[in-house]
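Trainee: One structure coming up, written as structure tokens, with questions to follow.
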Amino acid sequence: MVSLNISEPSHPPSTSTVPHTPVTVTTSTGQRKPIRIWVDGCYDVMHHGHFNALRQAKAMGDIVVAGVHSDAELLLHKGPTVMNENERMAAVAACKWVDEVVPNAPYSTSLEWMDKYNCDYCVHGDDPSTLADGTDSYKYVKAQGRYLECKRTKGVSTTDLVNRMLLMTRQQQGKEQEQGQGGQAVREGNGDSTITGRVEQQQQRTQQQHEVLSTARKISTFTRGNRDPQKGDRIIYVDGTFDLFHVGHIEFLKRAKARGDYLVVGVYDDATVRTIKGARHPLMSMHERVLALLACRHVDDVILSAPYYLTEHVLDGDFTVHEVVRGSHRLHRRQERTTQDSEMEPDPYQLAKERGIFVQLDGPAHEITTRSIVHRIDKQRAMYEERQRRRALKEAAATAKK
């Protein structure tokens, strides 16, 4: 871990206009100097909003240096994180637009810290970022004209994802409470709806509020620069849900990619996920999950609405798949059945097995799964609910100042 004694500049913050694109930096010999961009953040429960900010930062320069705040720093200024700092750093390092990752980045971005890593500019979204005392986290870099702004991605945030997880676990608790009453609906107050009914209504409103529209433009910005498979490439295919994109997914994709030259990921649509995992899944829409995968440096291409049961169209379609890889952790509700039922259930990978191209990765399952992340939220429900309440008040205050 890096430990630095950061001293704040003595100059006052300026209200000068913030530039949106950097000027060309030249050396003493007149040659163009590669522009190094500093992008610091929490990067908690990485989502396509984080990835989009890093993508925009890369477009503003040549080298992206991502500073990751420590757990202690975030606890002071924002509250507890869902993912620890090592997990967050691994997620950032997997982003194809990131060149370097720096741990223990200070929450208040300083010129000294940027200069230590030879960064010319700092990039942040157009949403406010304040310290525990309410002051601007970027006031000093703004004062020196070294602050650049990118557009914040609407419709998604870590706060939003935590709300979705809280809602999911609350819905489960409501269902269990109803079942504990002998199947009778539990009523509160003067309302006529059950707990589960009210939660479902709230969930529907939340899903509508945070619906991410699928557009070709959004996907094309994330695929820009991806190469097509070349003659002689060994093509690897994996499929799955990839909900709440995390380090467990990343490690699996890295291992799968190492088996070939070109990795194609099949992503199940939302209806398929609900069938195999239950009605409260997925937490992220297919479009959100696809964007996260496209930002991963190990992924070359993605198949949207991939079939749960492998087909010839997947294996022999636009390219010939040489190997189908399955991770060591993949237990779906369709597979949580009696032996008799399992024998009657078709094998999703039967076609690959018949062709002799199916591979089951050895080794234990990664300890981080979507289920384990949701369990973290449920286990510390009161703490995360208080965090969400404070963040909502902070965001409301920032909005009122605009």
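Trainee: Testing the spin-label approximation: label points 7 Å from Cα along Cα→Cβ at Glu100 and Gln31. State their distance in nm.
Mentor: Taking the two extended label points, one gets 1.8 nm.
Trainee: FRET efficiency for Arg217 and Glu367, Cβ-Cβ distance as r, R0 = 51 Å, nearest 0.05?
Mentor: Efficiency at R0 = 51 Å is approximately 0.85.
Trainee: Determine, from the Cβ-Cβ distance of Val359 and Thr135 and an R0 of 51 Å, the FRET efficiency 1/(1 + (r/R0)^6), rounded to the nearest 0.05.
Mentor: Given R0 = 51 Å and the Cβ-Cβ separation, E is 0.40.
Trainee: Say each of Asn86 and Ala59 gets a label point 7 Å from the Cα, pointing the same way as Cα to Cβ; how far apart are those two points in nm?
Mentor: 3.6 nm
Trainee: Report, as a whole number in µm² per second, the diffusion coefficient that Stokes-Einstein gives for the range 36-150 at 10 °C and 1.306 mPa s using the Kirkwood radius over alpha carbon pairs.
Mentor: 114 µm²/s
Trainee: Please work out how much accessible surface Lys353 shows to a 1.4 Å probe, ignoring ligands, DNA and RNA, in Å² rounded to 10.
Mentor: 90 Å²
Trainee: Can you sort Ile303, Ile236 by 1.4 Å-probe accessible area, starting with the largest?
Mentor: Correct descending sequence by accessible area is Ile303, Ile236.
Trainee: If you don't mind, there's one more thing I want to ask. Heavy-atom accessible area per residue, the range 36-150, 1.4 Å probe: how many Å²?
Mentor: Ligands and nucleic acids excluded, the result is 30 Å² per residue.
Trainee: A further question on this structure: Ordering Asp239, Asp362, Asp71, Asp115 by accessible area with a probe of 1.4 Å, largest first, what comes out?
Mentor: So the residues, ranked largest to smallest area, are Asp362, Asp115, Asp71, Asp239.
Trainee: In square angstrom, rounded to the nearest 10, how much accessible surface does Arg381 have for a 1.4 Å probe?
Mentor: Here the accessible area works out near 40 Å².
Trainee: Rounded to the nearest 0.05, what FRET efficiency is calculated for Arg390 and Lys154 with R0 set to 25 Å and r the Cβ-Cβ distance?
Mentor: According to the calculation, E is roughly 0.70.
Trainee: Rank Phe358, Phe222 by accessible area, highest first, at a 1.4 Å probe radius?
Mentor: Output order, biggest surface exposure first: Phe358, Phe222.
Trainee: Leaving ligands, DNA and RNA out of it, report the carbon-plus-sulfur percent of the accessible area of the range 36-150 at a 1.4 Å probe.
Mentor: 48 percent
Trainee: Separate question: Note the full-extension length gain between Asn226 and Arg274 as 0.36 nm times their separation in residues minus their Cα-Cα distance, in nm to one decimal.
Mentor: Separation in residues times 0.36 nm, less the Cα-Cα distance, equals 14.2 nm.
Trainee: Just how much of Val247 is accessible, in Å², when a 1.4 Å probe is used and the result is rounded to the nearest 10?
Mentor: 20 Å²
The values are calculated or read from the model by the stated rules, or taken from the named source; none is laboratory data. Just so you know, these numbers come straight off a predicted model, no measurement behind them. Methodologically, a virtual Cβ is constructed for each residue, glycine included, from the backbone with ideal geometry; neighbour enumeration extends over all protein chains shown. For the accessible areas, the whole protein counts, side chains as well, though only heavy atoms, and no ligand, DNA or RNA atoms are used. Shrake-Rupley method; radii C 1.70, N 1.55, O 1.52, S 1.80 Å.
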